[in-house]
1. Taking R0 as 22 Å, what FRET efficiency do you get between Ser300 and Arg346 from their Cβ-Cβ distance, rounded to the nearest 0.05?
2. If I stretch the segment between Arg18 and Arg249 completely, what's the gain in nm (0.36 nm per residue apart, minus their alpha carbon distance), one decimal?
3. Give me, ordered by chain and number, the residues 5 or more places off Glu273 or on other chains with an amide H under 5 Å from its own placed amide H.
4. Applying 1/(1 + (r/R0)^6) with R0 = 45 Å to the Cβ-Cβ distance of Glu32 and Arg256, what FRET efficiency is obtained, to the nearest 0.05?
5. Taking 8 Å as the Cα distance limit and 6 or more residues as the minimum spacing, I'd like the relative contact order of the chain as a percentage.
6. Between 0 and 90 degrees, rounded to the nearest ten: what's the tilt of helix 30-41 against the longest Cα principal axis of the chain?
7. Quick check: net charge around Gly202, other residues with Cβ under 9 Å of its Cβ, Lys/Arg +1 and Asp/Glu -1?
8. Out of Arg256, Arg40, Arg232, any idea which swings most in a Gaussian network model of the chain, alpha carbons joined below 10 Å?
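The values are calculated or read from the model by the stated rules, or taken from the named source; none is laboratory data. Small disclaimer: the values here were computed from a predicted structure and weren't measured. Neighbour counts are summed over all protein chains in view; Cβ atoms, including those assigned to glycine, are modelled from backbone coordinates with ideal geometry. Keep in mind that these areas ignore ligands, DNA and RNA; they rest on the heavy atoms of the full protein, side chains included. Shrake-Rupley method; radii C 1.70, N 1.55, O 1.52, S 1.80 Å.
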Amino acid sequence: MNPATGHLDELADALRERLLADADAPDGPLPERVRALVDREAGLLDESTRAELADRIIRRSVGLGPLDALLDDPEVDEIMVNGTAPIWVERGGRLQRTDAAFADEAQLRGAIERILAPLGRRADEAEPIADARLPDGSRVNVVLPPLAVDGPLVTIRRFRPRGLDADELVRLGTWTPALRDLLARAVRARLNILVSGGTGSGKTTTLNALSGFIADDERVATIEDTAELRLRQPHVVRLEARPPNVEGRGEITIRRLLRNALRMRPDRIVVGEIRGPEALEMLAAMTTGHDGSLSTVHASSPAAALRRVETLALMADVDLPHHAVREQIADALDLIVHQARLADGRRRVVAVAEVARGSDGPTVREIYTARGDSSRPCAALSDELAERLGVAA
């Protein structure tokens, strides 16, 4: 950390404590009270330094401390707080260590409290893990001691007010023009598409871009743990799951929201991520008239995505035999779009696979692959898929 920055942080903390301890201080807006305190106690500093000092005191009082400046940086995609150590960020797919840090654990816990309190959520020794969302939509995960050995951990996945569209993903190299055309045809033909990939591979970004191909006259229901999708269609209904309250009551799961969405007359259902027994409801919806559905799943390949969906569906506890679940998967899913984050930080769709019916259940046939800087079709479309897409096999 820059010594001058550290000294200013120490001074800001000392003046903030003095402000809070002064019971005889006149009432008034916090910014005015802080500026008056800084002018009185740090009058020897130049005007720009006093303004910076006042800003730091205000941020420590009502903001998120060193997180505020990082949240204002449009190039930061993710923020990682590891106790009072320097904060790390992700820019352009690369991790970078910053000079910013919380002065002490009390300041960090104060920021965590300011994130969680407005949402009616908490994180304490009894419940040391919490998920939340900032007002701009950014997703926050908190882990407290004793689970976090070296101090509270805060991870913030930044929210983009406007998701990247298909043309922007082509310019970034995530998609190729040929892939964009293939996926556009698939969405418009109402194929059921699953986007797979690892953490941070860009699944939600691709899902959002795929939704851009949905027609404006369709009613779309989105279902998410934390609302991140921003669809451009005029008729979108957004549903968000709810965790249990402090008494352990009131939880609304993705599975329950999915069941309810089927009663809302959706033309399309978009589930942010399948991660539990709701997989069975999603498969049922895809095979009972709600075609054109979109979702994502954590997996290392298209084949692994099928196995993961099968495992999650079996978690539904309805005593379905394995072969029945496999049959549903084969009937429900049409395409798997697999995305990866490359070693240089770029996100890229590296495979598109057609889901086919095999002798032992569903199998995948890769119809597009990207390796290194090259991409190519690697198998002809099946006659059925070609007919649905309106192209030659």
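1. On the way: r = 18 Å, r/R0 = 0.81.
Result of the calculation: an efficiency of 0.80.
2. So the extension gain works out to 79.1 nm.
3. Correct list: Asp225, Thr296.
4. Working: r = 48 Å, r/R0 = 1.07.
Once the sixth-power term is evaluated, E becomes 0.40.
5. The value is 11 percent.
6. The angle comes out at about 40 degrees.
7. Values: positive: Lys203, Arg341, Arg347, Arg348; negative: none.
Net charge around Gly202: +4.
8. Arg40
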